[in-house]
Amino acid sequence: MPFAIEMEQAVLGILLLESEKADNYRKVARLTPSMFGDQRHKYIFNTIRKLSSQGSSYNVLLVNNAMRDDGMADKELTNYMTELMSKVTNSSNIESFAFIIEQKWMAREMIADFESRAAALRKNADPLDMLDKAKMKMMDITPKAGRRLVSAQDMWPDISANLQRNVDRLKSGNPLAGVTSGFRSVDNLTLGWMPKEYYLFGGRPAMGKTAFALALTMAAGMAGHPVHFTSLEMGAEALIRRMIAYKTELVSTWRMRKGDLSIEDFKMMNNAADRVLKNIYIEDGAARDIDGIYNSCYEFYLNQKQETDKHPVYFLDYAQLTDASSPSAKGMMNREQVLSSVSRGWKAICKDMNAPGIALSQLSRAVETRGDKIPQMSDLRESGSLEQDADFIGFLYRPEYYGIETYEDGKSTKDTGQLLVRKYREGEVGDCLLGFTGSRGWYNYDEDDVRFPTIRPNLNYSAPLHSDEQPVGKKREDDPF
C-alpha cells in the first residue's frame, strides 16, 4: 500500500520543534490521524490536534505528558519524538508534505474500496448500484478546502492585510482586484472575477453565450490563470476553432470546415494559437453529472497547484445540460430539483477550489413576449436556485438581433451588445456596452464612448427596515456595541 512515512516524520517533527508557530498547524489542519500510515504517528498527531483545539502549545513535553495521561506514552515513543525533531531541516515545506500525506491516504482508501467493489461485482452485485456507491465514496475521500472551522477574530489580521493590499493596488493605478474579463467596461463594473464567487451569465439562443464565455476564457488564460472549461454542448475541437476564428477575424470556422485555407491563413491561425490558447484546458470526456465535473475540476486544481501560484478559473457551458449526481438520484428528481443540485455543486466548486466559477444558463421564452426583449431574473429557466446560489448574475442582450435599431440615447445598436448585470452580492449592478459580430464574437467597444458602464444602486439586495429598526447610521439605544 502507498505510504509517505518520511513526509509524516517531517510534518510531526516540524510541529513538535516549532510548536509556538500557530501557522504551522493551520497549514496541516486538513489532516486527520487516520491519514497517517505509522501507528505512532497517528497517536502523536491526534495528541497535537487535541492540544491545539484546547488552545495549548504542543511542544514535545506537553505532548508526552498528554499521551501519558491517555496511557499511550512510553520511553521508546518519547525518544522517537526527539528523533523526529532532530531530522527537521526546512519547515517552509510543511504544507507540501501534508499534501503528499493526504494523497497517499486517498490512494490507500481508493485501493481498499476498489478491491471490495471488485469482490462484490464478482458475486454479481448490481453494477449501477456499485457505481453509485463508488462515486459516493470518492466524494467522501475527496478533500474539500472548506472543511475547517476558523476563528473570525484570528482571521481579521489577514483580512486587514488584504484590504491594505487593495488600497496599495488602487493607489498604484490598478483598479483590477480579480481576474480580468478582457472587457474594459465589465472590469470597471466588477473589478474582475474573484475567488470563491459564482458568476452566472444567462441569455436566449443566438445571444452569444458560448462566444462570451470563450472571450472570458482567453482573457483569463492570457493573464496567466489556468482555465478549466467544461462544455456539454460543443466538443473541444469546435471550441478551439471558434477561439482561433475570433482572434484572426479573417479565418471563419466555415472556411476551416470547408478547407478554404491558404498558407497565410495557417500563419495567422498559428500566431493566434500561440497567443490565446495558453493555459486553457477543455473537459472533453463524458462527465455530464455534477459529481463528475467536480472531480475533474478538483484533479485540475491539484495538478495546477504544483505548477503556478495563480488560482484557476472554471467554466460550465451550460447549467441546464448538466445531470444530477447519479442515475438513481436523477430518476427520483424533477428538472427543478436536478438543476438545484447542479447549482449547489457548482457553488461548491467555487468555494472548495478557491476560484471563480463562471456558468452559463438558458433563459425562458418569456423574454420573447416583451416588446424590448430585455431579460429579467424570473427568466432563469427551471430553477429559482440559480438566482439564489449565484453571487453575480448578468444577462447577454443584443437588441440588433431583435430588429431594435437604436438605444434610448439614439445611438445605433449595430454590431453591439450589452451585459446587463442584475445581481452582484459584493458589488454594483448596471449595464456594460460591448461590441459583437459573428466573425469577432464579443470585443471592446469604442473606448471613447463614455456611456457605459452605467452603474445604479444595488437596491434589489438591500434588506428593508423593520418597524423597530433605525435607519442606517443611527445607533439603537439598546445596541450593546
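The values are calculated or read from the model by the stated rules, or taken from the named source; none is laboratory data. Worth saying up front: this structure is predicted, and the values here are computed from it rather than measured. Please note: Cβ atoms are built from the backbone with ideal geometry, for glycine as well, and neighbour counts cover all protein chains shown.
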> Among the residues of region 69-83 satisfying the criterion of being outside any helix (DSSP H, G or I) and among the aliphatic types (A, V, I, L, M), which is surrounded by the fewest Cβ atoms within 10 Å (Cβ to Cβ)?
Replying inline: 72
>> Tell me whether region 400-415 contains one or more residues that are basic (Lys, Arg) and in contact (Cβ under 8 Å) with a residue 60 or more places away in the chain.
In response: no
> Could we say that residue 186 is buried (at least 18 other Cβ atoms within 10 Å of the Cβ), part of a helix (DSSP H, G or I) and of a type in the set (Val, Ile, Thr) here?
Replying inline: yes
>> Take residues that are within 23 Å of residue 380 (Cβ to Cβ) and modelled with pLDDT of 85 or more and tell me which of the strands (runs of 3 or more DSSP E) falling wholly in region 400-481 contain 2 or more.
In response: 416-424, 429-437
> Within the bounds of region 273-283, is there any residue that is in contact (Cβ under 8 Å) with a residue 24 or more places away in the chain, farther than 23 Å from residue 195 by Cα, of a type in the set (A, V, I, L, M) and in a helix (DSSP H, G or I)?
Replying inline: yes
> Can you tell which of 42, 27 is crowded, with 16+ Cβ neighbours inside 10 Å and modelled with pLDDT of 90 or more?
Replying inline: 42
>> Looking at region 194-209 only, could you name the residues that are out of contact with any Leu (no Cβ under 7 Å at 6 or more places or on another chain), crowded, with 21+ Cβ neighbours inside 10 Å and not acidic (Asp, Glu)?
In response: 198, 199
>> Looking at region 85-120 only, could you name the residues that are more than 26 Å from the chain's Cα centre (by Cα) and either surrounded by 14 or more Cβ atoms within 10 Å (Cβ to Cβ) or not assigned by TED's automatic domain parsing to the domain that holds residue 18 (or both)?
In response: 85, 88, 91, 108, 113, 116, 117, 120
> Is there a residue in region 303-316 that is acidic (Asp, Glu), surrounded by fewer than 20 Cβ atoms within 10 Å (Cβ to Cβ) and assigned by TED's automatic domain parsing to the domain that holds residue 386?
Replying inline: yes
>> Filter region 84-95 down to the residues that are more than 24 Å from residue 140 (Cβ to Cβ) and either assigned to a helix (DSSP H, G or I) or touching a residue at least 40 places away in the same chain (Cβ under 8 Å) (or both) and list them by number.
In response: 84, 85, 86, 87, 88, 91, 92, 93, 94
>> Return the pair list, or none, for Cβ contacts closer than 7 Å from residues in region 158-180 that are in contact (Cβ under 8 Å) with a residue 40 or more places away in the chain and closer than 25 Å to residue 222 by Cα to residues that are surrounded by 10 or more Cβ atoms within 10 Å (Cβ to Cβ) and aliphatic (A, V, I, L, M), at least 6 apart or on different chains.
In response: 178/191; 178/194; 179/220; 179/223; 179/313; 180/219; 180/223
> Which one is surrounded by the fewest Cβ atoms within 10 Å (Cβ to Cβ) among residues in region 284-293 that are part of a helix (DSSP H, G or I) and either of a type in the set (Gly, Ala, Ser) or out of contact with any helix residue (DSSP H, G or I) (no Cβ under 6 Å at 6 or more places or on another chain) (or both)?
Replying inline: 292
